[in-house]
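The values are calculated or read from the model by the stated rules, or taken from the named source; none is laboratory data. On a predicted model such as this, the values are computed, not experimentally measured, just so you know. Glycine also receives a Cβ, built like all others from the backbone with ideal geometry; neighbour counts cover every protein chain displayed.
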Amino acid sequence: MTEPDHGEAGSGPGRLVFLPLFHLDNQGLGPLSNLFKRTAIVEMGHIEKLAERILFLKGEAEVTAAGPVEKITEPKAMLQKALGMEQGSQDDYNKAAIACGANADAVTKQLFEALTADEESHFDQYEKQLDNIERFGLNYLALQSFGSAQDAGGPASS
Ligand SMILES: [Fe+2]
């Protein structure tokens, strides 16, 4: 099995960052926080699947930080960073799938193909949020949080 190359831009499931969630929750942006949270859970599943496959192939599974943690607290900047990371992961997993195919490892190839599809989905969801912010401004996020405040028993219109 070929391990994905995590380039300098940083990508892959090892780059999970939970810090944004606290900032988004603190800013009252629950829906965007939940999107990051759901994505992070899928990424944790990726780590598990990769580790299981590496161990099955009698390799050594090791989880290390791919780079320093960046403290990004502005929602638009978070989404832009996330888009870059998701694209980086797609590129890495695509290359890994091709390498597995070239080395007659169809099972690992399928694993990387499935991970690539997940990353494509993450990219799409983040891109939609960023597009909406660019179209409607940060009011878009504010309106989302107003909805969640109502759902949580917060201020509601009559
Ligand atoms: Fe992802």
Collect the residues in the stretch 20-44 that are loosely packed, with under 13 Cβ neighbours inside 10 Å and within 15 Å of the ligand (Cβ to nearest atom), keeping them in residue-number order.
R38, I41, M44
Any residue in the stretch 66-90 that is closer than 22 Å to D25 by Cα sitting within a Cβ distance under 6 Å of a residue that is in a loop (DSSP other than H, G, I, E, B)? List the pairs, counting only those 6 or more apart or interchain.
M78/I72; K81/I72; M85/S11
The stretch 2-52, subset closer than 19 Å to A117 by Cα and in contact with a Ser or Thr (Cβ under 6 Å, 6 or more places away or on another chain), residue modelled with the lowest pLDDT
S11
Does the stretch 67-74 contain any residue that is crowded, with 18+ Cβ neighbours inside 10 Å and either within 13 Å of the ligand (Cβ to nearest atom) or among the aliphatic types (A, V, I, L, M) (or both)?
no
Against the condition over 16 Å from the mean Cα position of the chain (by Cα) and within 17 Å of L29 (Cα to Cα), how does D131 come out, does it pass?
yes
Quick one: is R53 part of a helix (DSSP H, G or I) and within 15 Å of the chain's Cα centre (by Cα)?
no
Among residues belonging to the stretch 114-133 that are among the acidic types (D, E) and without any contact (Cβ under 8 Å) to a residue 60 or more places away in the chain, point out the one that is nearest to the ligand (Cβ to nearest atom).
E119
